[in-house]
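Trainee: Just passing along the structure, written as structure tokens.
The values are calculated or read from the model by the stated rules, or taken from the named source; none is laboratory data. Just so it is clear, the model here is predicted, and its values are computed rather than measured. Note: ideal-geometry Cβ built from the backbone for every residue, glycine included; neighbour counts use all protein chains shown.
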Amino acid sequence: MSRIFSFFLFVLALAAQPADFIWSARYVITMDGQRRVIPNGAVAIKGDRILAVGTKAEIDARFQAKQRLDRPDAILAPGLINTHTHAAMSLFRGIADDLKLQDWLEKFIFPAEAKNVTADFVRWGTRLGCLEMLLGGTTTFTDMYYFEDVVAEATKEAGMRGVLGETIIGFPVADNKTPADALAYTERYLKRFQNDPLITAAVAPHALYTNSDETLKAARALANKYNAPLVIHLSETKKENDDERAKRHTTPTKTLDDLGVWNGRSVAAHAVWVDEADMAILKSRGVGIAHCPSSNMKLASGVAPVTRMLALDLAVGLGPDGPAGSNNDFNMFEEMDLAAKLQKVTTMNPQALPASLALEMATIRGARALGMEKEIGSLETGKRADLITVRIDRAHAQPLYDAVSQMVYALKGSDVRDVMVNGKPVVRDARILTLNEPQILAKAAEYRAKVAASLK
């Protein structure tokens, strides 16, 4: 009998399809159309794509892998998607806290940037940001900063996926002195990274209130010329809305619509002070929304009407914003938790924004916000192999009754154990494989001294 069974296993092995990797875990959270959670599940990967998702028994019967990763004490999930941040600002972490947005920007951040931001600063700041994000389970991030071609180089070096927007702003900054210079710089950047497997180059006019109408129109035209996303801050504060109403008797959302800025692939960060008419515009134009709960709370900017946005089925993702005062880290687990709780306490409804929707915002709905839901955001056959394992063997993770609830309300970024991006392992056993962590931390200490001296 044992000979027959051994022969049966041999025949199965001969018939098995080749795979580069099989990753298995106690639970696989797929975020597919049925939102399946598969106990004792596994994912087969070949090249940069997912071959199949199923139970461990099913995947083992169908595929023979070159490498295996078995995590019976973990959850396997899609990589988290950060829809708004400023990665290089990691080097300004904590220089000015507990301030209103305008004071934070005008009295601290803009002056600090003028004295410190160079291409080298951006490279090391992005490396530090990518290190933190990857170790915390973020596989895709959306960026808006200066020297964005350098951001792209550092992101590729880390093996991370990025939607990276070159900032266009109406006053002299580190990389460009005029909006015209910034537009020309952005076009060169868009050309350089066309069709890159990891980098989606984007156009990022900072905001309505920091750019002329002509610059905003030119930014949209440039994005459409290269089929690139446009990333912009929108209605982050009440002041921004009040100023626009005083100036043109309308809202920032409506003004940008009138200017044609929403006529193409767009991501609007914050969208705190939006009304029903604004949300109708954003819905009709297919604008992705980056909700930043930590930032909006820390700067006392307000509470975005996310529950209403989700009821309208807007593509709302999550973002930590910049780690310098608006938020001091890139922790997407924290953003999921806060997004859910902020909506509950402001609506006085404990059922508002349940854990399942918070996780959706950090994965497949965030992918929708970026226009990338066909490629990333869920574990499904044919999609890019961006996945993470999160350990569930620590005190704060036990007992476990619901894997999705545990991801949002109990687990932490520090629980991430393994990360794969585009079919390549980049974190193994909570250790980065693609970056020199000691060197990055040493450089961060060097820049800390330089920035501190510049502020005196």
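Trainee: From the list 326, 356, which residue is polar (S, T, N, Q) and either assigned to a helix (DSSP H, G or I) or surrounded by fewer than 24 Cβ atoms within 10 Å (Cβ to Cβ) (or both)? Working first, answer last.
Mentor: Numbers: 326 fails: either assigned to a helix (DSSP H, G or I) or surrounded by fewer than 24 Cβ atoms within 10 Å (Cβ to Cβ) (or both).
Within the list 326, 356, the selection yields 356.
Trainee: Moving on to the next point. Would you confirm whether any residue within region 405-414 is of a type outside the set (Gly, Ala, Ser) and surrounded by fewer than 15 Cβ atoms within 10 Å (Cβ to Cβ)? If you could, list the steps in order and put the result at the bottom.
Mentor: Start the filter on region 405-414 by keeping residues that are of a type outside the set (Gly, Ala, Ser), which leaves 406-409, 411-412.
Filter again for surrounded by fewer than 15 Cβ atoms within 10 Å (Cβ to Cβ), leaving none.
No, region 405-414 contains no residue that is of a type outside the set (Gly, Ala, Ser) and surrounded by fewer than 15 Cβ atoms within 10 Å (Cβ to Cβ).
Trainee: A further question follows. Count, please, the residues in region 171-186 that happen to be of a type outside the set (A, V, I, L, M, F, W, C), surrounded by fewer than 17 Cβ atoms within 10 Å (Cβ to Cβ) and at pLDDT 95 or above.
Mentor: 3
One line per residue, one yes/no per condition, for (1) in contact with a His (Cβ under 6 Å, 6 or more places away or on another chain); (2) under 23 Å from residue 69 (Cα atoms); (3) in a helix (DSSP H, G or I):
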{"residue": "405", "(1), (2), (3)": "no, no, yes"}
{"residue": "411", "(1), (2), (3)": "no, yes, no"}
{"residue": "445", "(1), (2), (3)": "no, no, yes"}
{"residue": "456", "(1), (2), (3)": "no, no, no"}
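Trainee: Is it fair to say residue 283 is without any contact (Cβ under 8 Å) to a residue 12 or more places away in the chain, surrounded by fewer than 24 Cβ atoms within 10 Å (Cβ to Cβ) and farther than 22 Å from residue 166 by Cα?
Mentor: Details: without any contact (Cβ under 8 Å) to a residue 12 or more places away in the chain: no; surrounded by fewer than 24 Cβ atoms within 10 Å (Cβ to Cβ): yes; farther than 22 Å from residue 166 by Cα: yes.
Judged against the criteria, residue 283 is not a match.
Trainee: Take the residues in region 37-65 that are in a strand (DSSP E or B) and within 23 Å of the chain's Cα centre (by Cα); name whichever of them is farthest from residue 418 (Cα to Cα). Before the answer, list the steps.
Mentor: Residues of region 37-65 that are in a strand (DSSP E or B), as a first pass: 37-46, 49-55, 63-65.
If we keep only those that are within 23 Å of the chain's Cα centre (by Cα) as well, we get 37, 43, 45, 49-50.
Values: 37: 19, 43: 14, 45: 15, 49: 17, 50: 16 Å.
Step by step, filter region 37-65, then rank; the result is 37.
Trainee: With the requirement that a residue be touching a helix residue (DSSP H, G or I) at 6+ places or on another chain (Cβ under 7 Å) and either within 16 Å of residue 253 (Cβ to Cβ) or hydroxyl-bearing (Ser, Thr, Tyr) (or both), what does region 188-210 give you?
Mentor: 189, 205, 208, 209
Conditions (1) assigned to a strand (DSSP E or B); (2) not aliphatic (A, V, I, L, M), marked per residue:
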site: 89; (1), (2): no, no
site: 98; (1), (2): no, yes
site: 104; (1), (2): no, yes
site: 162; (1), (2): yes, yes
site: 183; (1), (2): no, no
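Trainee: In region 294-343, which residues are among the charged types (D, E, K, R) and touching a strand residue (DSSP E or B) at 6+ places or on another chain (Cβ under 9 Å)? Steps first, answer last, please.
Mentor: Restricting attention to region 294-343, the residues satisfying the condition of being among the charged types (D, E, K, R) are 298, 308, 313, 321, 329, 334-335, 337, 341.
Within region 294-343, 321, 335 qualify.
Trainee: Which condition number does residue 388 fail, the rest of (1) more than 18 Å from residue 312 (Cβ to Cβ); (2) part of a loop (DSSP other than H, G, I, E, B); (3) in contact (Cβ under 8 Å) with a residue 12 or more places away in the chain being met?
Mentor: Result: residue 388 fails condition (2) only.
Trainee: Suppose we keep only residues that are among the β-branched types (Val, Ile, Thr) and part of a loop (DSSP other than H, G, I, E, B) within region 218-260. Which one would you say is nearest to the chain's Cα centre (by Cα)?
Mentor: Applying the first criterion (among the β-branched types (Val, Ile, Thr)) to region 218-260 yields 231-232, 237, 250-251, 253, 255.
Among the residues that remain, those that are also part of a loop (DSSP other than H, G, I, E, B) are: 237, 250-251.
Working: 237: 22, 250: 31, 251: 27 Å.
Going through the qualifying residues, I end up with 237.
Okay, residues lined up against (1) assigned to a strand (DSSP E or B); (2) crowded, with 16+ Cβ neighbours inside 10 Å:
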{"site": "28", "(1), (2)": "yes, yes"}
{"site": "31", "(1), (2)": "no, yes"}
{"site": "35", "(1), (2)": "no, no"}
{"site": "67", "(1), (2)": "yes, no"}
{"site": "71", "(1), (2)": "yes, yes"}
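Trainee: If you check 155, 140, 215, which single one turns out to be at pLDDT 95 or above and part of a strand (DSSP E or B)?
Mentor: Values: 155 fails: part of a strand (DSSP E or B); 215 fails: part of a strand (DSSP E or B).
Result of the check over 155, 140, 215: 140.
Trainee: Within region 115-137, identify whether any single residue is among the basic types (Lys, Arg), more than 22 Å from the chain's Cα centre (by Cα) and part of a helix (DSSP H, G or I), and answer yes or no. Reasoning before the result, please.
Mentor: At the first step, the residues of region 115-137 found to be among the basic types (Lys, Arg) are 115, 123, 127.
Next, only the ones that are more than 22 Å from the chain's Cα centre (by Cα) stay: 115.
When the remaining residues are screened for being part of a helix (DSSP H, G or I), the result is 115.
Yes, some residue in region 115-137 is among the basic types (Lys, Arg), more than 22 Å from the chain's Cα centre (by Cα) and part of a helix (DSSP H, G or I).
Trainee: To continue, here is another question. Test of understanding: among 172, 111, which residue is part of a helix (DSSP H, G or I), over 19 Å from residue 372 (Cα atoms) and not hydrophobic (A, V, I, L, M, F, W, C)?
Mentor: Working: 172 fails: part of a helix (DSSP H, G or I).
That would be 111, the only listed residue that is part of a helix (DSSP H, G or I), over 19 Å from residue 372 (Cα atoms) and not hydrophobic (A, V, I, L, M, F, W, C).
Trainee: Suppose we keep only residues that are among the hydrophobic types (A, V, I, L, M, F, W, C) and over 15 Å from residue 275 (Cα atoms) within region 296-326. Which one would you say is nearest to the chain's Cα centre (by Cα)?
Mentor: My answer is 318.
Trainee: Go through region 227-247 and give me each residue that's surrounded by fewer than 17 Cβ atoms within 10 Å (Cβ to Cβ) and either more than 18 Å from residue 142 (Cα to Cα) or at pLDDT below 95 (or both).
Mentor: Kept after step one, since they are surrounded by fewer than 17 Cβ atoms within 10 Å (Cβ to Cβ), are these residues of region 227-247: 227, 238-239, 242-243, 245-247.
If the condition is that a residue be surrounded by fewer than 17 Cβ atoms within 10 Å (Cβ to Cβ) and either more than 18 Å from residue 142 (Cα to Cα) or at pLDDT below 95 (or both), then 238, 239, 242, 243, 245, 246, 247 are the ones that fit.
Trainee: Let me ask something else. Evaluate region 424-437: report whether one residue or more is more than 14 Å from residue 124 (Cα to Cα), under 25 Å from the mean Cα position of the chain (by Cα) and hydroxyl-bearing (Ser, Thr, Tyr). Walk me through it before giving the result.
Mentor: Quick first cut of region 424-437, residues more than 14 Å from residue 124 (Cα to Cα) only: 424-434.
Adding the requirement that they be under 25 Å from the mean Cα position of the chain (by Cα) leaves 424-434.
Imposing the further condition that a residue be hydroxyl-bearing (Ser, Thr, Tyr) reduces the set to 434.
There is at least one residue in region 424-437 that is more than 14 Å from residue 124 (Cα to Cα), under 25 Å from the mean Cα position of the chain (by Cα) and hydroxyl-bearing (Ser, Thr, Tyr).
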